[in-house]
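**Student:** Have a look at this one.
The values are calculated or read from the model by the stated rules, or taken from the named source; none is laboratory data. A quick note: this is a predicted structure, and the numbers were derived from the prediction, not measured. Note that we place each Cβ from the backbone using ideal geometry, even for glycine, and neighbour counts take in every protein chain shown. To get the accessible areas, we keep the full protein, side chains included, count just its heavy atoms, and leave off ligands, DNA and RNA. Shrake-Rupley method; radii C 1.70, N 1.55, O 1.52, S 1.80 Å.
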2 protein chains.
Amino acid sequence: MNVSEIYTSIPLGDGSTHAHTSTWVASTLRQEIAEGRLLPGSKLSEQALSSALGVSRNTLREGFTLLDSDLIISRIPNRGVFVASPDAADIREIYAVRRTIEPAALAWGPKLDIDELSRIIGQARAAAEAGNITLMADANQQFHETIVRATGSAHLLELMSRVLAKMRLVFHAMSDAPDFHSHYVSRNSSLVDLLSAGQRMKAADTLQDYLNTAEAELLDHYESSQLR
Amino acid sequence: MNVSEIYTSIPLGDGSTHAHTSTWVASTLRQEIAEGRLLPGSKLSEQALSSALGVSRNTLREGFTLLDSDLIISRIPNRGVFVASPDAADIREIYAVRRTIEPAALAWGPKLDIDELSRIIGQARAAAEAGNITLMADANQQFHETIVRATGSAHLLELMSRVLAKMRLVFHAMSDAPDFHSHYVSRNSSLVDLLSAGQRMKAADTLQDYLNTAEAELLDHYESSQLR
DNA sequence: AAACGCATATTGTTCAACAATCTTTCTTGG
DNA sequence: CCAAGAAAGATTGTTGAACAATATGCGTTT
């Protein structure tokens, strides 16, 4: 499916008044991008998109501004708006954020919900046995969001979800990415074991090791997929 | 100085083309707010501001959208845009972010620059002896930004500077705030001593204590200033 | 004094136009 | 034939005006 087909396949607004049309535009595009229907590098033409969405160019631009802070598009002055295509530097940035926030949440977060983490792991295990990779990926994302929620900060949670959204773009850009998620189930599980034993600092250190490993694996796969 | 006076005192653009006019608008307003010329709660009228800045309403709105992600304005649908007036919940949120990011940066940040921290403390001490509170506040902010820079993440640094910008709003809202900065110089100094001794984890714990104390002091002062 | 309704003002959105900048194509000279 | 440069075309950046939707303020009524 190419870009112009996407344009026409995006459902139009139903004519009812949205709280903010620009907000609706942003969330619509966010969803299209998150689900991989708009691939990294695609150009988002103002004229084509505004008519496809049934909004004016001005309103579309306001939506672009909103998405810009979501890190999933890149605006190049006088050139246009493109779906972000993460590179190695972006991957390193993503993991720099995660290496800071997530271990801190495990070590010191005042609202750590171990039962919830445990519950999510159960779901992931079920998904793994059913062979449902999408569900496993969802569970993995939930797991890490729950960790960040322990900080009690809405801003950190928001930053984390933006970072995870960009992470999805990385996977979309590397369509032949192997199944990174499956062997993280047991890792997450051992994290919960440590937490249940009250060893929060050790859990934080362990998570850092995991994140380092994951980053290296992703970078490795990215480099080799760039050579082709 | 009331709001309408502010409008006319904002310097107009020089007619030359800015890279992005909306970006220029946002940074201009950001500065006005940061320096306390636009106080928390002030309404930012589209008509008045657009003519005062010499830009169209559409462009001003794009600027508003940019500022919205900066946390220093609040947009109320069909009501308008106001300079954010932080409340107790905002203060708690600010410190939830700081308690997570800053100790993590001290404990694990790969790019910790102890010499730079030490240099900044020197400046703060000089400012304290000269009795220059503004310079002390600047040095304090620099100190904490340098800490976050140790994470190696641009996004975390950006979030931190947004949080510190909102922090300035808190102080502007409490015009009679006592001098919170002066007794933090020695605290920062003892942090650097711990770091120099290689005791990063102890420094992280100490910083958390400091942040908890500061949050409690601020909340206390906020509550009492609300009663009047 | 409280509640209602109307006039007014402000924000939300669209449209059409033009300026600024980039991209493509075509010409020209070597 | 190829490279450099100029003109033409397309896209983004910004503006001003217009209208709809919503909120505000003010008088009237009870």
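**Student:** Could you list, in sequence order, the residues of region A:39-51 that are more than 11 Å from DNA strand D (Cβ to nearest atom) and either within 25 Å of B:G63 (Cβ to Cβ) or open to solvent by less than 20 Å² (accessible area, probe 1.4 Å) (or both)?
**Tutor:** A:S42
**Student:** Taking only pairs six or more apart or across chains, which ones have beta-carbon atoms under 9 Å, a first residue in region A:154-171 that is at the interface with another protein chain (Cβ under 9 Å from one of its Cβ atoms) and farther than 13 Å from B:T100 by Cβ, and a second residue that is at pLDDT below 90 and surrounded by fewer than 18 Cβ atoms within 10 Å (Cβ to Cβ)?
**Tutor:** A:R162/A:S69
**Student:** Look through region B:28-49, keep the residues that are assigned to a helix (DSSP H, G or I) and touching a Phe, Trp or Tyr at 6+ places or on another chain (Cβ under 7 Å), and return whichever of them is farthest from the other protein chains (Cβ to nearest Cβ). Walk me through how you get there before you give the answer.
**Tutor:** Going residue by residue through region B:28-49, those that are assigned to a helix (DSSP H, G or I) are B:28-34, B:46-49.
Next, only the ones that are touching a Phe, Trp or Tyr at 6+ places or on another chain (Cβ under 7 Å) stay: B:48-49.
Numbers: B:A48: 21, B:L49: 17 Å.
Only one residue fits best here, namely B:A48.
**Student:** A further question follows. Determine, yes or no, whether B:A52 is more than 11 Å from DNA strand C (Cβ to nearest atom), more than 23 Å from A:S153 (Cα to Cα), aliphatic (A, V, I, L, M) and not in a loop (DSSP other than H, G, I, E, B). Spell out the reasoning first.
**Tutor:** Working: more than 11 Å from DNA strand C (Cβ to nearest atom): yes; more than 23 Å from A:S153 (Cα to Cα): yes; aliphatic (A, V, I, L, M): yes; not in a loop (DSSP other than H, G, I, E, B): yes.
Against the criterion (more than 11 Å from DNA strand C (Cβ to nearest atom), more than 23 Å from A:S153 (Cα to Cα), aliphatic (A, V, I, L, M) and not in a loop (DSSP other than H, G, I, E, B)), B:A52 qualifies.
**Student:** Please go through (1) within 25 Å of A:A173 (Cα to Cα); (2) touching a Lys or Arg at 6+ places or on another chain (Cβ under 9 Å) for A:S85 and return the number of the only condition it doesn't satisfy.
**Tutor:** (2)
**Student:** Let me ask something else. Could you tell me which residue of region B:131-152 is nearest to the other protein chains (Cβ to nearest Cβ), considering only residues that are open to solvent by 20 Å² or more (accessible area, probe 1.4 Å) and among the hydrophobic types (A, V, I, L, M, F, W, C)? Steps first, please.
**Tutor:** Looking only at region B:131-152, we keep the residues that are open to solvent by 20 Å² or more (accessible area, probe 1.4 Å), and these are B:131-135, B:137-138, B:140-142, B:145, B:149, B:152.
Of the ones still in play, those that are also among the hydrophobic types (A, V, I, L, M, F, W, C) are B:133, B:135, B:137.
Working: B:I133: 28, B:L135: 28, B:A137: 22 Å.
Among residues in region B:131-152 that are open to solvent by 20 Å² or more (accessible area, probe 1.4 Å) and among the hydrophobic types (A, V, I, L, M, F, W, C), the one nearest to the other protein chains (Cβ to nearest Cβ) is B:A137.
**Student:** Would you check which residues across region A:60-81 are open to solvent by less than 40 Å² (accessible area, probe 1.4 Å) and within 14 Å of DNA strand D (Cβ to nearest atom) and list them?
**Tutor:** Initial filter on region A:60-81 (open to solvent by less than 40 Å² (accessible area, probe 1.4 Å)): A:60, A:62-65, A:67, A:69-73, A:80-81.
If the condition is that a residue be open to solvent by less than 40 Å² (accessible area, probe 1.4 Å) and within 14 Å of DNA strand D (Cβ to nearest atom), then A:L60, A:E62, A:G63, A:F64, A:T65, A:L67, A:I73, A:G80, A:V81 are the ones that fit.
**Student:** Given the criteria more than 13 Å from chain A (Cβ to nearest Cβ) and closer than 21 Å to A:T59 by Cβ, does B:S69 qualify?
**Tutor:** Values: more than 13 Å from chain A (Cβ to nearest Cβ): no; closer than 21 Å to A:T59 by Cβ: yes.
Considered against the rule, which asks whether it is more than 13 Å from chain A (Cβ to nearest Cβ) and closer than 21 Å to A:T59 by Cβ, B:S69 comes out as no.
**Student:** Among the residues of region A:89-106, are any touching a residue at least 60 places away in the same chain (Cβ under 8 Å), touching a helix residue (DSSP H, G or I) at 6+ places or on another chain (Cβ under 8 Å) and away from chain B (no Cβ under 13 Å)? I'd like the intermediate steps shown before the answer.
**Tutor:** Our first condition is that a residue be touching a residue at least 60 places away in the same chain (Cβ under 8 Å); within region A:89-106, this holds for A:90-92, A:94-95, A:97-99, A:102-104, A:106.
Now narrow it down to the ones that are touching a helix residue (DSSP H, G or I) at 6+ places or on another chain (Cβ under 8 Å): A:90-92, A:94-95, A:97-99, A:102-104, A:106.
Keeping just the survivors that are away from chain B (no Cβ under 13 Å) gives none.
No, because not a single residue in region A:89-106 is touching a residue at least 60 places away in the same chain (Cβ under 8 Å), touching a helix residue (DSSP H, G or I) at 6+ places or on another chain (Cβ under 8 Å) and away from chain B (no Cβ under 13 Å).
**Student:** Now for a separate question. So B:V25 ticks every box in (1) within 13 Å of another protein chain (Cβ to nearest Cβ); (2) within 14 Å of DNA strand C (Cβ to nearest atom); (3) out of contact with any strand residue (DSSP E or B) (no Cβ under 6 Å at 6 or more places or on another chain); (4) in contact (Cβ under 8 Å) with a residue 24 or more places away in the chain but one. Which box is left unticked?
**Tutor:** (2)
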